[in-house]
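S.K.: Provided herewith is a single structure, encoded as structure tokens, for subsequent inquiry.
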Amino acid sequence: QVQLVESGGGLVQAGGSLRLSCGASGGTFSNYATGWFRQAPGKEREFVVGIGPSWNNGRTYADSVKGRFTISRDGVVNTVYLQMNSLKPEDTAVYYCAVKSGPLRVEAGAYDYWGQGTQVTVSS
């Protein structure tokens with residue numbers, strides 16, 4: 001059983017930056033594909049960015065965040081980060097990290113373990 005804990009959310013003005021962290025226990029990120037998802041009120045959970053397991057290190061970004069968000073993985077501290085720059089009010093959502101075995105996928109239903117989420121609010 002993999003347990004994930006997100007942190008780093010908060011309130012930021014438009015144009016600002018935040019870095020989210022996702023820590024894991026019971027599993028090693030390098031063995032899994034990791035995705036960051038977000039869910040705004042009244043909307044479905046959507047894929048933001050993901051990174052494959054170490055044997056396939058590819059990254060996939062949603063068009064809405066390309067050039068602004070960056071995912072990275074630190075194997076020493078077993079943490080995945082989401083660096084978010086040039087934030088916009090439409091980035092406001094609860095952000096979740098999730099992991100799955102096998103290759104990276106963008107479908108939320110493909111993921112096995114989820115964190116509890118962290119709120120990101122971007123003011124205009």
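S.K.: So, in segment 42-60, how many residues would count as being surrounded by 13 or more Cβ atoms within 10 Å (Cβ to Cβ) and under 19 Å from Lys88 (Cα atoms)?
M.R.: Residues flagged as surrounded by 13 or more Cβ atoms within 10 Å (Cβ to Cβ) and under 19 Å from Lys88 (Cα atoms) within segment 42-60 amount to 5.
S.K.: Only residues that are within 19 Å of Val122 (Cα to Cα) and part of a strand (DSSP E or B): list them for segment 72-96, please.
M.R.: Within segment 72-96, Tyr81, Leu82, Gln83, Met84, Ala93, Val94, Tyr95, Tyr96 meet the criteria.
S.K.: Within segment 1-41, can you find the residues that are open to solvent by 30 Å² or more (accessible area, probe 1.4 Å), closer than 17 Å to Thr79 by Cα, part of a loop (DSSP other than H, G, I, E, B) and touching a strand residue (DSSP E or B) at 6+ places or on another chain (Cβ under 8 Å)?
M.R.: The answer is Gln1, Gly8, Gly9, Gly26, Tyr32.
S.K.: All but one of (1) touching a residue at least 12 places away in the same chain (Cβ under 8 Å); (2) part of a loop (DSSP other than H, G, I, E, B) hold for Glu44, so report the exception by its number.
M.R.: All conditions pass for Glu44, except number (1).
S.K.: Among what's in segment 25-41 and is of a type outside the set (A, V, I, L, M, F, W, C) and under 14 Å from Asp91 (Cβ atoms), pick the residue that is modelled with the lowest pLDDT.
M.R.: Pro41
S.K.: Please go through segment 96-124 and pick out each residue that is touching a Pro at 6+ places or on another chain (Cβ under 6 Å) and open to solvent by less than 70 Å² (accessible area, probe 1.4 Å).
M.R.: Val122 - this is the single residue of segment 96-124 that is touching a Pro at 6+ places or on another chain (Cβ under 6 Å) and open to solvent by less than 70 Å² (accessible area, probe 1.4 Å).
S.K.: Follow-up. Could you list, in sequence order, all residues of segment 42-84 that are within 12 Å of the chain's Cα centre (by Cα) and among the β-branched types (Val, Ile, Thr)?
M.R.: Once the filter is applied, which keeps residues that are within 12 Å of the chain's Cα centre (by Cα) and among the β-branched types (Val, Ile, Thr), segment 42-84 yields Val48, Val49, Ile51, Thr60, Val65, Thr70, Ile71, Thr79, Val80.
S.K.: Something else: Please verify whether segment 20-28 includes one or more residues that are over 10 Å from the mean Cα position of the chain (by Cα) and in contact (Cβ under 8 Å) with a residue 60 or more places away in the chain.
M.R.: Within segment 20-28, one or more residues are over 10 Å from the mean Cα position of the chain (by Cα) and in contact (Cβ under 8 Å) with a residue 60 or more places away in the chain.
S.K.: Could you please let me know if Leu87 is surrounded by 20 or more Cβ atoms within 10 Å (Cβ to Cβ) and under 10 Å from the mean Cα position of the chain (by Cα)?
M.R.: So Leu87 fails the test.
S.K.: Give the residues of segment 1-24 that are closer than 18 Å to Asp112 by Cβ and modelled with pLDDT of 95 or more, sorted by residue number.
M.R.: Correct list: Val2, Gln3, Leu4, Val5, Glu6, Cys22, Gly23, Ala24.
The values are calculated or read from the model by the stated rules, or taken from the named source; none is laboratory data. Bear in mind the structure is a predicted one, so any value in this text is a computation, not a measurement. We place every Cβ from the backbone using ideal geometry, glycine too, and count neighbours over all the protein chains shown. For accessibility, only protein heavy atoms count, side chains too; no ligands or nucleic acids. Shrake-Rupley method; radii C 1.70, N 1.55, O 1.52, S 1.80 Å.
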